[in-house]
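Q: First the structure, then my questions, so here it is.
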2 protein chains.
Amino acid sequence: MRCVTVNLGQRSYPISIGSGLLERLHEFVAPLAPTSITIVTNEIVGPLYAQRTLSALPGVATRVVELPDGERHKGWTTVSHVLDALVTARVDRRGLIVALGGGVVGDIAGFAASTYMRGIRYVQVPTTLLAQVDSSVGGKTGINHPGGKNLIGAFHQPSAVVSDTDTLTTLPARELSAGLAEILKHGLVANSQYFEQMVASIESLRAHDAAALTEAIAGSCEIKASIVARDEREAGERAVLNLGHTFGHAIEAMTGYSRWLHGEAVGCGLVMAAELSCRLGSLPSSDVKLVEAAVVRAGLPMRVDGLSALNAIEVMRGDKKADAGEMRFIVLDRIGRASQRAVPQPILLQALTAGGFV
Amino acid sequence: MRCVTVNLGQRSYPISIGSGLLERLHEFVAPLAPTSITIVTNEIVGPLYAQRTLSALPGVATRVVELPDGERHKGWTTVSHVLDALVTARVDRRGLIVALGGGVVGDIAGFAASTYMRGIRYVQVPTTLLAQVDSSVGGKTGINHPGGKNLIGAFHQPSAVVSDTDTLTTLPARELSAGLAEILKHGLVANSQYFEQMVASIESLRAHDAAALTEAIAGSCEIKASIVARDEREAGERAVLNLGHTFGHAIEAMTGYSRWLHGEAVGCGLVMAAELSCRLGSLPSSDVKLVEAAVVRAGLPMRVDGLSALNAIEVMRGDKKADAGEMRFIVLDRIGRASQRAVPQPILLQALTAGGFV
């Protein structure tokens, strides 16, 4: 087992990563002394792991709330479903939510925890690689609005994150690749050595090698934890974690949040972000090739096909990363370091074209 | 003008109280350098003050969102209406919300501000006495759930509070009395001298004497600011501000949030809380008489008529103040000091009966 701490003063919490942790969940939850536990999961993960999670949490009133699966259900109706269950069960301020599932479950369960009685505690038990390396850490919770992804939400840090690598054995290959996109992103924005190690071990990761997965997840969590500790509410530095995401969000929005997985859109977005960095003169084209090769080896799509570049710009203007109408993007200064830059539209169009936009 | 500061480190903010402040709103908003301003108000306050507020805020894109009036609209549908307006106007992270109205407007606008892009800033411009002395201060925002009042929400501190006593001239007498309930409560839980002064000046306050109102509001804000500064998230001491509120919430819930104003229910709740304190042996019956006399002089109802005491207990069990099934209430140790106590059901029934429950 590996352990990483997110240092946020009174809101600090441990991330535990390893094999067989779901069965040991009680060890991580008991110190929180909850009056009750509400496991929030979805219709895919629930049948696989809810019973084992329940068995691992004896001695306190526990219930399961099963949500519909998929990004398109990440709205108020689903949050409301969780809140109704909490009200019906008369969960009090010391009740605990356990988010058992991928990024969508974590975002919804975390947002419900942040708003119920103005905030109760929750524990993230991510069951996808993407959630284990990225979305379960850092306290971003929320839902989508028809006008944009994650527009409604809260910063609400979990009380613990427990990542059992065994749950990845039931994860479809495509979802595993989606998680690799965020792993590559963490290396690209903060640690070139981690990036190289991850590229070198991609095959082991895709083959579900438990030791390789534990190392990869711990490394990503260390990078993210250190950035979040310095800039919890994304006043500055934390924005580098959005590398590739403005492109990715546009792809997801333009394909109705259904054809592409979030991580796939981010993978493609990383390539466009590298292209953008190159055309702005901050990244050599040889490094763009390295990024492209990594994305391909991760099993991620590198190009969108036939989406309109001008529509994409319109969508990105509406994205929350485009403050005050100015189009700003996270770009790579080199592999291992990123910063925010204003981007002239002609260069943006070139990057989009390189990513397959027409 | 009087100024009170809420000391919360980086989240500290000023409360400005006095006559003619609405016209000077720019002075308080300009230091925040917002990229845009969204005035959230309701169908009653909007026609009276929205235009003057707009005129007082030149030089930045400003829009008005008018909500339906009343506690029964304090739900997600109304919050969603505000969020839609923010998305449509492409408000960015540096946009500002101005909550212009009473407690319901402040709660909804504040909750919308807390969830839009995971939190943007807002300024409270309360136009009712109750909002000026209580709900605009301290960062409690939220909405009702069919299962209970204020069950969904967030702690989100405003960036400033601007209380123009002139806006109280258009306030119905009944609403003014409702505000007096919270003024009396602040004296009862924290400052006997303030309580006595307020009782002595009730007639001036009910006659809209501007100087008396400014002093009363400033005094209440000082009490509340000092408690909130020590216990922002109601981990302990802040709970004393709920004196009379568990009773009040039950009255409101049992009468469909329509027959009683919140402050009226609290006024009646204060009498029952005093009765409870007396029957628990912590308050002499002469002090109960003082509380009753103050509530009557404030023009507040002292008794409910014909509501079921057993139903009330059931409702209060569901209230969020009843953690873990144990019935705990804020009681008076003396006039000017309060604490939390577990209350045996027979004594609770006596207090309810004294308040007119049957």
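Q: Out of curiosity, is B:Gly138 assigned to a loop (DSSP other than H, G, I, E, B) and under 27 Å from B:Arg93 (Cα atoms)?
A: For B:Gly138, the condition - assigned to a loop (DSSP other than H, G, I, E, B) and under 27 Å from B:Arg93 (Cα atoms) - is met.
Q: Tell me the helices (runs of 4 or more DSSP H) entirely within segment B:7-102 that contain at least 2 residues that are touching a Ser or Thr at 6+ places or on another chain (Cβ under 7 Å). Outline the logic, then answer.
A: Working: elements: B:25-29, B:51-55, B:76-88.
Where helices (runs of 4 or more DSSP H) fall fully within segment B:7-102 and carry at least 2 residues being touching a Ser or Thr at 6+ places or on another chain (Cβ under 7 Å), they are B:25-29, B:76-88.
Q: Within segment A:16-64, track down each residue that is over 18 Å from A:Ala89 (Cβ atoms) and among the β-branched types (Val, Ile, Thr).
A: Within segment A:16-64, A:Ile17, A:Ile44, A:Val45 meet the criteria.
Each row is one residue, and each column tells you yes or no for (1) over 12 Å from the mean Cα position of the chain (by Cα); (2) closer than 21 Å to A:Asn150 by Cβ.
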{"residue": "B:Tyr116", "(1), (2)": "yes, yes"}
{"residue": "B:Leu129", "(1), (2)": "no, no"}
{"residue": "B:Ser136", "(1), (2)": "no, no"}
{"residue": "B:Thr141", "(1), (2)": "no, yes"}
{"residue": "B:Asn144", "(1), (2)": "yes, no"}
{"residue": "B:Gly147", "(1), (2)": "yes, no"}
{"residue": "B:Ala154", "(1), (2)": "yes, yes"}
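Q: Another question, if that's okay. From the list A:Ala210, A:Ala216, A:Ala178, pick out the single residue that is over 30 Å from A:Gln10 (Cα atoms), surrounded by 18 or more Cβ atoms within 10 Å (Cβ to Cβ), touching a Ser or Thr at 6+ places or on another chain (Cβ under 9 Å) and more than 14 Å from chain B (Cβ to nearest Cβ).
A: A:Ala178
Q: Could you list, ordered by first residue, the pairs with Cβ atoms under 6 Å in which the first is in segment B:77-100 and on the phi > 0 side of the Ramachandran plot and within 11 Å of another protein chain (Cβ to nearest Cβ) and the second is surrounded by 23 or more Cβ atoms within 10 Å (Cβ to Cβ) and not polar (S, T, N, Q), at least 6 apart or interchain?
A: none
Q: Please determine, by comparing only the residues of segment B:211-239 that are among the β-branched types (Val, Ile, Thr) and over 14 Å from the mean Cα position of the chain (by Cα), which one is farthest from B:Asn144 (Cα to Cα).
A: Applying the first criterion (among the β-branched types (Val, Ile, Thr)) to segment B:211-239 yields B:214, B:217, B:223, B:227-228.
Those still in the list that are over 14 Å from the mean Cα position of the chain (by Cα) too: B:214, B:227.
Working: B:Thr214: 31, B:Ile227: 24 Å.
Selected residue: B:Thr214.
Q: I've got another one for you. Any idea which residue in segment B:265-297 is surrounded by the fewest Cβ atoms within 10 Å (Cβ to Cβ), counting only those that are under 18 Å from B:His249 (Cα atoms) and more than 21 Å from the chain's Cα centre (by Cα)? Write out each step before concluding.
A: Step one: filter segment B:265-297 for residues under 18 Å from B:His249 (Cα atoms), giving B:265-276, B:295.
When the remaining residues are screened for being more than 21 Å from the chain's Cα centre (by Cα), the result is B:275-276.
Working: B:Glu275: 24, B:Leu276: 29.
Step by step, filter segment B:265-297, then rank; the result is B:Glu275.
Q: Taking the residues in segment B:109-127 that are within 22 Å of B:Leu21 (Cβ to Cβ) and in contact with a helix residue (DSSP H, G or I) (Cβ under 8 Å, 6 or more places away or on another chain) as candidates, determine which candidate is surrounded by the fewest Cβ atoms within 10 Å (Cβ to Cβ). Even if it seems obvious, please write down each step before you answer.
A: Of segment B:109-127, the ones within 22 Å of B:Leu21 (Cβ to Cβ) are B:109-110, B:113, B:121-127.
Then drop every residue that is not in contact with a helix residue (DSSP H, G or I) (Cβ under 8 Å, 6 or more places away or on another chain), which leaves B:109, B:121-127.
Working: B:Ala109: 31, B:Arg121: 18, B:Tyr122: 28, B:Val123: 25, B:Gln124: 28, B:Val125: 34, B:Pro126: 31, B:Thr127: 29.
The qualifying residue surrounded by the fewest Cβ atoms within 10 Å (Cβ to Cβ) is B:Arg121.
Q: Over 30 Å from A:Gln10 (Cβ atoms) and of a type in the set (Gly, Ala, Ser) - does that describe any residue in segment A:235-248?
A: yes
Q: A:Tyr257 versus (1) buried (at least 24 other Cβ atoms within 10 Å of the Cβ); (2) in contact with a Lys or Arg (Cβ under 6 Å, 6 or more places away or on another chain); (3) of a type outside the set (Asp, Glu): which is the lone unmet condition?
A: (1)
Q: Could you say whether any residue in segment A:148-170 is in a helix (DSSP H, G or I) and among the hydrophobic types (A, V, I, L, M, F, W, C)? Steps first, answer last, please.
A: Within segment A:148-170, the first condition is being in a helix (DSSP H, G or I), and the residues that meet it are A:165-170.
Then keep just the ones that are among the hydrophobic types (A, V, I, L, M, F, W, C); that gives A:168.
Yes: segment A:148-170 contains one or more residues that are in a helix (DSSP H, G or I) and among the hydrophobic types (A, V, I, L, M, F, W, C).
Q: To continue, here is another question. I'd like to check something: does segment A:142-151 contain any residue that is surrounded by 24 or more Cβ atoms within 10 Å (Cβ to Cβ) and either touching a helix residue (DSSP H, G or I) at 6+ places or on another chain (Cβ under 6 Å) or within 14 Å of chain B (Cβ to nearest Cβ) (or both)? Quick ask: steps written out before the conclusion?
A: As a first pass, look at segment A:142-151 and keep what is surrounded by 24 or more Cβ atoms within 10 Å (Cβ to Cβ): none.
Taking every residue of segment A:142-151 in turn, none turns out to be surrounded by 24 or more Cβ atoms within 10 Å (Cβ to Cβ) and either touching a helix residue (DSSP H, G or I) at 6+ places or on another chain (Cβ under 6 Å) or within 14 Å of chain B (Cβ to nearest Cβ) (or both).
Q: Which residue is farthest from A:Pro301 (Cα to Cα), if the candidates are limited to segment A:232-278 and must be in contact (Cβ under 8 Å) with a residue 40 or more places away in the chain, touching a Leu at 6+ places or on another chain (Cβ under 9 Å) and assigned to a loop (DSSP other than H, G, I, E, B)?
A: Only one residue fits best here, namely A:Glu232.
Q: OK, next. Six or more apart or on different chains, Cβ atoms under 6 Å: show the pairs whose first residue is in segment A:113-138 and away from chain B (no Cβ under 14 Å) and whose second is part of a helix (DSSP H, G or I) and among the acidic types (Asp, Glu).
A: So the pair list comes out as A:Thr128/A:Glu175; A:Leu130/A:Glu182; A:Val133/A:Glu182; A:Asp134/A:Glu182.
Q: Still on this structure, please answer the following. Can you name every residue in segment A:101-112 that is of a type in the set (Gly, Ala, Ser) and away from chain B (no Cβ under 14 Å)? Lay out the reasoning, then the answer.
A: Residues of segment A:101-112 that are of a type in the set (Gly, Ala, Ser), as a first pass: A:101-103, A:106, A:109-110, A:112.
Selection gives A:Gly101, A:Gly102, A:Gly103, A:Gly106, A:Ala109.
Q: Now a separate question. Answer yes or no: is there a residue in segment A:156-166 that is touching a strand residue (DSSP E or B) at 6+ places or on another chain (Cβ under 6 Å), surrounded by fewer than 24 Cβ atoms within 10 Å (Cβ to Cβ) and under 30 Å from A:Met327 (Cβ atoms).
A: Checking segment A:156-166: at least one residue is touching a strand residue (DSSP E or B) at 6+ places or on another chain (Cβ under 6 Å), surrounded by fewer than 24 Cβ atoms within 10 Å (Cβ to Cβ) and under 30 Å from A:Met327 (Cβ atoms).
No value in this document is a laboratory result; all are computed from the given coordinates. Given the structure is predicted, the values throughout are model-derived calculations rather than measurements. Cβ sites come from the backbone with ideal geometry, for glycine too, and all protein chains shown count toward neighbours.
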